[in-house]
Amino acid sequence: MTNNKQGPKIVLATRVEVDKKEENNEKSKKYQEYINLFSNLINNKYISKIYIISNLNAKDTDIDKDGKQFIFIKDDNPVRATAFNLVLERLRNDAENCDDRYHLLTYSKEVRLKDVYIEKMVKEIEKQNKKDKLIVVGFEFQDNVTEEAEYNQYANDNNGDIGIAYRVPWSTCALWNKEFVYGKDKNKLEFDKICENKPLDHLKVKIHNILMETEYEGMEDGLAIAKLITNNKNKKIEYKLFDEYLFWRLPRNDERILRHKIKLARKNIVLSTFMNIKGYSIDKLIESGRD
């Protein structure tokens, strides 16, 4: 179901957590509310389907709108690190009965995504000499709640260099190559459960010069990239982070802002720690980034 049959095709996947206090019994209205959030992307020539992982109290639901298929996937904790595995599994199962293959665009509804940015990612991942080598492409982010100096503090490592987590695309908005979406064995894209299982004791990060306790969790995107690179030692595979910022608009809610900053502050520690546990090379991950 696509209006761009001859060109590259994308499925967009996003995670939406519904506040149970707001959920009503007229579920069709709630579905429509979340479909409307993506109305600006409905007519994009590359996007064929939109998967919405949510905790709506209903079975999986498919809705057609303006020639695009919206597929709601029920999950009790849709914002967990490995939720996008549900979409990967669905795509691979569907591929057994049809010839269509899609790049996967993971996306947060808080990011301002325009057609021009989708076009740029698609063109990069479709370059003839990179079709089976480029794992993922993405952008950097600029939000409305973090000052530049503060952001740099979170992004840089102890030596003042850009930390490993800030060198890779985040699933906040990233286009994953279909070669790995449908890959098998060493070429199979998968998000590791270590990123949500909280395998270690708490860590502390500094927010506004105050030490705050948080969990070892997240950075499933960077770890998935590192795994694919490690598994393909004899093949040069890469990722690309564009030197361009997408705007990430967060709600002006003190609790939400603090949670966001804590996540930013822990990213480098979490990714490097998980990579060490898994035996993935940070140097190799850095080397595999494309300019």
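The values are calculated or read from the model by the stated rules, or taken from the named source; none is laboratory data. This structure is a prediction, so every number in the text was calculated from the model and none was measured. Here the Cβ positions follow ideal geometry from the backbone for every residue, glycine too, while neighbour counts run over all protein chains shown.
Hey, Lys29 hits all of (1) at pLDDT 80 or above; (2) part of a helix (DSSP H, G or I) but one; which does it fall short on?
(1)
Would you check which residues across the range 32-74 are in contact (Cβ under 8 Å) with a residue 40 or more places away in the chain, of a type in the set (D, E, K, R) and surrounded by 15 or more Cβ atoms within 10 Å (Cβ to Cβ) and list them?
Selection gives Lys45, Lys49, Lys68.
Looking at (1) at pLDDT below 95; (2) under 30 Å from Asn93 (Cα atoms); (3) among the aliphatic types (A, V, I, L, M), can you tell me which one Ala149 breaks?
Status for Ala149: all satisfied but (2).
Pick from the range 81-99 the residues that are part of a loop (DSSP other than H, G, I, E, B) and out of contact with any strand residue (DSSP E or B) (no Cβ under 8 Å at 6 or more places or on another chain): which of them is surrounded by the most Cβ atoms within 10 Å (Cβ to Cβ)?
Ala81
Within the range 125-150, how many residues are surrounded by fewer than 17 Cβ atoms within 10 Å (Cβ to Cβ), part of a helix (DSSP H, G or I) and not charged (D, E, K, R)?
Within the range 125-150, residues that are surrounded by fewer than 17 Cβ atoms within 10 Å (Cβ to Cβ), part of a helix (DSSP H, G or I) and not charged (D, E, K, R) number 3.
Just give me the residues in the range 84-130 being basic (Lys, Arg) and touching a helix residue (DSSP H, G or I) at 6+ places or on another chain (Cβ under 6 Å), in sequence order.
Arg101, Lys109
Hey, can you tell me all the residues within the range 33-52 that are in a loop (DSSP other than H, G, I, E, B) and not aliphatic (A, V, I, L, M)?
Passing the criteria: Phe38, Asn43, Asn44, Lys45, Tyr46.
Taking the residues in the range 276-291 that are assigned to a loop (DSSP other than H, G, I, E, B) and touching a helix residue (DSSP H, G or I) at 6+ places or on another chain (Cβ under 8 Å) as candidates, determine which candidate is nearest to Phe139 (Cα to Cα).
Once the filter is applied, the top-ranked residue is Ser288.
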